[in-house]
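The values are calculated or read from the model by the stated rules, or taken from the named source; none is laboratory data. What you see is a predicted model, and the numbers here were worked out from it, not measured in a lab. Here the Cβ positions follow ideal geometry from the backbone for every residue, glycine too, while neighbour counts run over all protein chains shown.
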């Protein structure tokens, strides 16, 4: 998992009373049901809440499911677009606990931020933010599912599925590739949804990169927001100074 000259892997544990990792296609309205395990995009979003800069792209390497997979149905009164409230039943995961391992690579679509590519700096900041529980609020899929982040050693402790060789989950949403994280001509200037067939082996799901997923679905055109000191919308080149 080496990036340049530093090993920038981070490991953390995220816990929460409830989680809702639903297919985004089903989030338009009506009944919502969580996947049995967290999606790549949900874990990446958690890491973005911990620490993120447009200079880099986080990649989730693996997740370890620590607690038994349990579901709970709740009656919810969501706000209707036409006004008032409606009654829906959401199926949540409960008593969630996951160990996560991730690393970052430079965002080659951001040449204007090449001066901010100090791997040791970003790695050390990310580790400190994990120790502090993140820079922003952490959610497990949706805002009503509060999560809590703390450091861990990936693989330590007893997991609920350590002794189960394989458990497949069928076709599953992997995540979104936005225009500023595009990796080839097929995703350039587009928002693209990725899908794959996850298999948990002894409690661990190892994620492919977005470009390695089984299926890709272009959604719509998308432009890249430019950053830089001249535009006064990014100060990352100097806000922390040089870290050695």
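Could you grab me the full set of residues in region 173-198 that are part of a strand (DSSP E or B) and either touching a helix residue (DSSP H, G or I) at 6+ places or on another chain (Cβ under 9 Å) or more than 13 Å from residue 209 (Cα to Cα) (or both)?
First, the residues of region 173-198 that are part of a strand (DSSP E or B): 173-177, 190-196.
Residues satisfying the conditions are 173, 174, 175, 176, 177, 190, 191, 192, 193, 194, 196.
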Residue 95 - would you say it is within 20 Å of the chain's Cα centre (by Cα), on the phi > 0 side of the Ramachandran plot and touching a residue at least 60 places away in the same chain (Cβ under 8 Å)? yes
Can you tell me which of 60, 9 is in contact (Cβ under 8 Å) with a residue 40 or more places away in the chain, surrounded by 15 or more Cβ atoms within 10 Å (Cβ to Cβ), touching a strand residue (DSSP E or B) at 6+ places or on another chain (Cβ under 9 Å) and within 24 Å of residue 193 (Cβ to Cβ)? 60
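Residue-by-condition table, conditions (1) surrounded by 17 or more Cβ atoms within 10 Å (Cβ to Cβ); (2) at pLDDT 95 or above; (3) out of contact with any strand residue (DSSP E or B) (no Cβ under 9 Å at 6 or more places or on another chain); (4) part of a loop (DSSP other than H, G, I, E, B):
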position: 89; (1), (2), (3), (4): no, no, no, no
position: 95; (1), (2), (3), (4): no, yes, no, no
position: 101; (1), (2), (3), (4): yes, yes, no, no
position: 136; (1), (2), (3), (4): no, no, yes, yes
position: 143; (1), (2), (3), (4): no, no, yes, yes
position: 148; (1), (2), (3), (4): no, yes, no, no
position: 154; (1), (2), (3), (4): yes, yes, no, yes
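Considering every residue within region 186-193, establish whether at least one is surrounded by fewer than 19 Cβ atoms within 10 Å (Cβ to Cβ), within 19 Å of the chain's Cα centre (by Cα) and either under 17 Å from residue 42 (Cβ atoms) or in contact (Cβ under 8 Å) with a residue 24 or more places away in the chain (or both). Write out each step before concluding.
Step one: filter region 186-193 for residues surrounded by fewer than 19 Cβ atoms within 10 Å (Cβ to Cβ), giving 186, 188-191.
Next cut, within 19 Å of the chain's Cα centre (by Cα) only: 191.
Going one step further and asking which of them are either under 17 Å from residue 42 (Cβ atoms) or in contact (Cβ under 8 Å) with a residue 24 or more places away in the chain (or both), we end up with 191.
There is at least one residue in region 186-193 that is surrounded by fewer than 19 Cβ atoms within 10 Å (Cβ to Cβ), within 19 Å of the chain's Cα centre (by Cα) and either under 17 Å from residue 42 (Cβ atoms) or in contact (Cβ under 8 Å) with a residue 24 or more places away in the chain (or both).
Given the structure, is residue 128 at pLDDT 90 or above, within 16 Å of residue 48 (Cα to Cα) and under 18 Å from the mean Cα position of the chain (by Cα)? Walk me through it before giving the result.
Working: at pLDDT 90 or above: yes; within 16 Å of residue 48 (Cα to Cα): yes; under 18 Å from the mean Cα position of the chain (by Cα): no.
No, not satisfied.
Being surrounded by 13 or more Cβ atoms within 10 Å (Cβ to Cβ), on the phi < 0 side of the Ramachandran plot and modelled with pLDDT under 95: is that true of residue 222 here?
yes
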Of the criteria (1) out of contact with any strand residue (DSSP E or B) (no Cβ under 8 Å at 6 or more places or on another chain); (2) loosely packed, with under 12 Cβ neighbours inside 10 Å; (3) modelled with pLDDT of 95 or more, which one residue 233 fails: (3)
If the requirement is being touching a residue at least 12 places away in the same chain (Cβ under 8 Å), closer than 26 Å to residue 52 by Cβ and surrounded by 13 or more Cβ atoms within 10 Å (Cβ to Cβ), which of these qualifies: 178, 197? 178
